[in-house]
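The values are calculated or read from the model by the stated rules, or taken from the named source; none is laboratory data. Quantities reported herein were computed from a predicted structural model and do not represent experimental measurements. Here the Cβ positions follow ideal geometry from the backbone for every residue, glycine too, while neighbour counts run over all protein chains shown.
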Amino acid sequence: MTPREMLICAGFSLALPVGQAMFKWAAVYQERQTGPLLTRLITNGPLIAALAWYGLTAIFWFYILTRVPLSRAYPFALAGTGLIPVVAWLLFKEPLGWRMAAGYLLMLAGLAVIQSQGS
């Protein structure tokens, strides 16, 4: 994997927790709204932004897969998924225990092992 390919995969890794934070923000916003569910969904600006973000990240993922084998790119998606509890802790004050932190470090170690292998 070239440095450029690793960089774009890392960018995707960062896009995933951003999207999840946007969905959480939309859920918090939804709780404050009143009225019929459909009206609340249609007028939930953070939800619309989160859906748009996910659409863009899907296109980004497609772009990545035109250049990088899935088996090499997907571990970056897992790394991004592992960042979500950290983002939830930072932005929403959700609990983050030592076990979760240790598990995430193990995931990062696995990513390093996978990416260091030969073609």
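Brief remarks on what is shown
The rows are residues; the columns are (1) charged (D, E, K, R); (2) modelled with pLDDT under 95.
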residue: Met1; (1), (2): no, yes
residue: Glu5; (1), (2): yes, yes
residue: Ala21; (1), (2): no, no
residue: Ala26; (1), (2): no, no
residue: Gln30; (1), (2): no, yes
residue: Gln33; (1), (2): no, yes
residue: Leu38; (1), (2): no, yes
residue: Ile42; (1), (2): no, yes
residue: Ala50; (1), (2): no, no
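- Segment 36-63: number of residues that are among the hydroxyl-bearing types (Ser, Thr, Tyr) and farther than 27 Å from Ile8 by Cβ: 2
- Restricting attention to segment 88-119, the residues that are in contact (Cβ under 8 Å) with a residue 24 or more places away in the chain and either more than 19 Å from Leu7 (Cβ to Cβ) or not in a helix (DSSP H, G or I) (or both) total 5.
- Contact map, segment 1-28: first residue touching a residue at least 24 places away in the same chain (Cβ under 8 Å) and of a type outside the set (A, V, I, L, M), second residue surrounded by fewer than 18 Cβ atoms within 10 Å (Cβ to Cβ) and not in a helix (DSSP H, G or I), Cβ cut-off under 7 Å, separation 6 or more or different chains; pairs are Glu5/Arg67.
- Enumeration of residues in segment 72-119 that are within 16 Å of Ser13 (Cβ to Cβ) and among the basic types (Lys, Arg): Arg72
- Residue within segment 23-30 that is basic (Lys, Arg) and over 17 Å from the mean Cα position of the chain (by Cα) present: no
- Identity of the residue in segment 36-80, more than 12 Å from the chain's Cα centre (by Cα) and of a type in the set (S, T, N, Q), that ends up farthest from Met1 (Cα to Cα): Thr39
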